[in-house]
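Read through the structure below, which is laid out as structure tokens, and then see the notes.
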Amino acid sequence: MNPSHIEHIGIAVADLKNAIDHYEKVFGMKCYNIEEVAEQKVRTAFFRVGQTKIELLEATSPESPIARFIENRGEGIHHIAFAVRGIEEQLKHAERQGVKLIDSVPRKGAEGLDIAFIHPRSTHGVMIEICEDKNG
Ligand code: ZN
């Protein structure tokens, strides 16, 4: 896949407003975007750390994957996102290699990115998102 960099790190939080305040206070970072992704039942908040972002994720419904994650494991790192080019081809290639995908076709994520998740069973226990910014 040859990712160019870590686009963002997704952190599941129980209370987004509380977590934003805390990150701003402790790390002196400024949240620059809050966005709801209805399809994934999450509300997200973004911070920049160099070229990588921190994405805080809060569930907007008890059926949200983030709600289930927090129920099972508590707050914490939910996924790491690699920036790639040609995301559709990368997914097809990964599938042919026997990688277990959550999304075999990209979908729209926050910030207008095309995203797809790879199952933690295929990545030694960490959910990996691959994403492509087709506008940039
Ligand atoms: Zn993400």
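Extension gain for the segment S61 to A14, taken as residue separation times 0.36 nm less the Cα-Cα distance, is 15.8 nm to one decimal. Computed with a 1.4 Å probe over protein heavy atoms only, the accessible area of C31 comes to about 30 Å². Ranking I66, G109, Q90 by how far each Cα lies toward the positive end of the dipole of segment 17-136 (charges on Cβ) leaves Q90 at the top. My understanding is that a pair violates if its Cα-Cα distance is over 23 Å; which of K25/K134; K25/K53; K25/K108; K41/K92; K92/K134 do that in this structure? Exceeds cut-off: K25/K134; K25/K108; K41/K92.
Probing with 1.4 Å while keeping every protein chain in the model, the per residue accessible area of the chain equals 56 Å².
Based on the Cβ-Cβ distance from Q97 to S4, what FRET efficiency comes out when R0 is 25 Å, to the nearest 0.05?
Values: r = 20 Å, r/R0 = 0.81.
Using R0 = 25 Å, I get an efficiency of 0.80.
Remark: accessible surface ordering of K53, K30 (largest first) is K30, K53, probe radius 1.4 Å. Local charge for A14 was computed over the other residues whose Cβ lies under 9 Å away, with Lys and Arg +1 and Asp and Glu -1, and equals -3.
From the protein chains alone at 1.4 Å, what is the descending order of accessible area for I130, I70, largest first? Before the final figure, lay out each step's value.
Working: I130 0, I70 45 Å².
Ranked list, largest accessible area first: I70, I130.
Taking label positions 7 Å along the Cα-Cβ direction at both E88 and D133, the computed distance is 2.2 nm, reported to one decimal.
Rolling a 1.4 Å probe across all protein chains gives F27 an accessible area of roughly 120 Å². By a 1.4 Å probe calculation restricted to protein chains, S122 has an accessible surface near 50 Å², given to the nearest 10.
Rounded to whole numbers, the Karplus 3J(HN,Hα) couplings from phi for segment 44-58 are 10, 9, 10, 10, 9, 10, x, 8, 9, 10, 9, 10, 8, 10, 10 Hz, using 6.51 cos²θ - 1.76 cosθ + 1.60 with θ = phi - 60°, and x at Gly and Pro. FRET efficiency for the E39 to E71 pair, using the beta carbon distance and R₀ = 22 Å, is estimated at 0.60.
Distance distribution P(r), segment 47-127, all Cα-Cα pairs, bin width 5 angstrom from 0: 3, 12, 20, 25, 21, 14, 5, 0 percent.
Nonpolar atom fraction for segment 21-86, defined as the carbon and sulfur part of the 1.4 Å probe accessible area, stands at 52 percent. Does anyone have the angle between helix 16-27 and the longest principal axis of the chain? Alpha-carbon axes, 0 to 90°, nearest 10? Around 80 degrees separate the two axes. Overall shape of the chain was characterised from the C-alpha gyration tensor. The equivalent ellipsoid obtained from it has semi-axes of 24, 17, 13 Å, in decreasing order.
Tell me the GluC sites (Glu not before Pro) within segment 43-97 that lie in a loop according to DSSP and have at most 13 other beta-carbon atoms within 10 Å.
Those satisfying the criteria are E63.
The calculated 222 nm mean residue ellipticity attributable to helices in the chain amounts to -7000 deg cm²/dmol, summing -39500 (n - 2.57) over DSSP H runs of n ≥ 4 and dividing by all residues.
The values are calculated or read from the model by the stated rules, or taken from the named source; none is laboratory data. Quick caveat, the model's predicted, so the values are computed rather than measured. Positions of Cβ are backbone-derived with ideal geometry, glycine not excepted, and every protein chain shown enters the neighbour counts. What goes into the accessible areas is simple: the full protein's heavy atoms, side chains included, and nothing from ligands, DNA or RNA. Shrake-Rupley method; radii C 1.70, N 1.55, O 1.52, S 1.80 Å.
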